[in-house]
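Visitor: The structure is given below, and queries will be raised subsequently.
The values are calculated or read from the model by the stated rules, or taken from the named source; none is laboratory data. The shown structure was predicted, so the numbers you read here are calculated from the model rather than taken from an experiment. No Cβ is skipped: glycine too gets one built from the backbone with ideal geometry, and neighbour counts run over all protein chains shown. Quick note on the areas: whole protein, heavy atoms, side chains included, nothing else; ligands and nucleic acids left out. Shrake-Rupley method; radii C 1.70, N 1.55, O 1.52, S 1.80 Å.
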Amino acid sequence: LSAEILENGNIRSSFKIKYKDWQSEIGKQDFTANFSMLGGSRLAKVDLDFTQVVDTMAVGVVKHPDTTFIQGELDITGKAYTYIASWGKQSLDGENLGMAIFFRKENLEKITTDENNYIAVLSPKGSPTSSNAEAQHLDYYFAAVWAPESGIDELKAFEHYLMQEAEKLTLPPRQRL
């Protein structure tokens, strides 16, 4: 395991973690996780690059007691972003906190839950790294929205935020030249 700070600026910060011999159901493998965040955004982007085929990867948020599960629209095109999220009094100070995972619909295999988590099972795209192949890749975003900091203090406002962010990710800004 090694970690490296890639950018530490006012506008963008990022770091990389290289996992060596990560043990999972498919055996040991190496992969790289790049994390990045833009100033003024609550979203953190995760880019995963695998060296072996990974059929699925589970990402999610913790299921605290008395939280509400929120699922984004699934009747959308494959390139569009959707989300899973939770909302409720789940912060350390007992205030409302929303947690979310944003992902492309084309990567989604299923949405599920267990005793402790709300989970999106995602499929990486591409081929494993080799001399002639593109790396198998998965990217997604996560966010935390704490009511006292954000001003988002009720479920409906959090749901509105989630829909706005999914739309922004799906339709990035365009600049006319």
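Visitor: Take the Cβ-Cβ distance between Ile26 and Asp93 as r, set R0 to 41 Å, and report the resulting FRET efficiency rounded to the nearest 0.05.
Guide: Taking R0 as 41 Å, the efficiency between Ile26 and Asp93 is 0.55.
Visitor: Here's something else I'd like to know. If I compute solvent accessible area with a 1.4 Å probe over the protein chains, what percent of it on segment 48-88 is carbon and sulfur?
Guide: Here carbon and sulfur together make up 50 percent of the probe-accessible area.
Visitor: Mind grabbing the base-10 log of I(q)/I(0) for segment 20-81 at q = 0.12, 0.29 Å⁻¹? Debye formula, identical points on the C-alpha positions, no solvent, two decimal places.
Guide: -0.53, -1.20
Visitor: Using the structure shown, select from Lys20/Lys45; Lys20/Lys79; Lys45/Lys89; Lys79/Lys156; Lys20/Lys168 the pairs with a Cα to Cα distance greater than 28 angstrom.
Guide: Lys20/Lys79; Lys20/Lys168, as the Cα separations exceed 28 Å there.
Visitor: Can I ask one more? Taking the Cβ of Gly98 as the center, what net charge do the other residues with Cβ under 15 Å away carry, scoring Lys and Arg +1 and Asp and Glu -1?
Guide: Its environment carries a net charge of -4.
Visitor: Now a separate question. To one decimal place, what orientation-averaged projected area in nm² is obtained for the convex hull of the Cα set of the chain?
Guide: Across all orientations, the chain yields a mean hull projection of 12.9 nm².
Visitor: Something else now. If packing is taken as the average count of other Cβ atoms within 10 Å, what order do 92-102, 114-124 fall into, highest mean first?
Guide: Packing order, densest peptide first, comes out as 92-102, 114-124.
Visitor: Let me ask something else about it. Ranked from the most accessible area to the least, with a 1.4 Å probe and all protein chains present, what is the order of Thr77, Thr32?
Guide: Ranking Thr77, Thr32 by accessible area, largest first, yields Thr77, Thr32.
Visitor: With +1 on each Lys and Arg Cβ and -1 on each Asp and Glu Cβ, how big is the dipole of segment 5-137 about its Cα centre, in debye rounded to the nearest 20?
Guide: With only Lys, Arg, Asp and Glu charged at Cβ, the dipole is about 360 debye.
Visitor: Moving to a separate point now. Give the calculated FRET efficiency between Met163 and Val62 to the nearest 0.05, with a Förster radius of 22 Å applied to their Cβ-Cβ distance.
Guide: Once rounded, the FRET efficiency stands at 0.50.
Visitor: Next question. Based on the Cβ-Cβ distance from Glu154 to Phe69, what FRET efficiency comes out when R0 is 22 Å, to the nearest 0.05?
Guide: 0.85
Visitor: Using θ = phi - 60° and the Karplus curve 6.51 cos²θ - 1.76 cosθ + 1.60, what whole-Hz ³J(HN,Hα) does each residue of segment 18-28 get, with Gly and Pro shown as x?
Guide: Running phi through 6.51 cos²θ - 1.76 cosθ + 1.60 with θ = phi - 60° gives 9, 9, 10, 6, 5, 9, 8, 4, 8, x, 7 Hz.
Visitor: To the nearest 10 degrees, how steep is helix 155-170 against the longest Cα principal axis of the chain, on a 0 to 90 scale?
Guide: 30 degrees
Visitor: Let me ask something additional. Can you tell which of Ala33, Ala85, Ala120 lies farthest toward the positive end of the dipole of the chain, using +1 and -1 charges on the Cβ of basic and acidic side chains (Lys, Arg; Asp, Glu)?
Guide: Ala33
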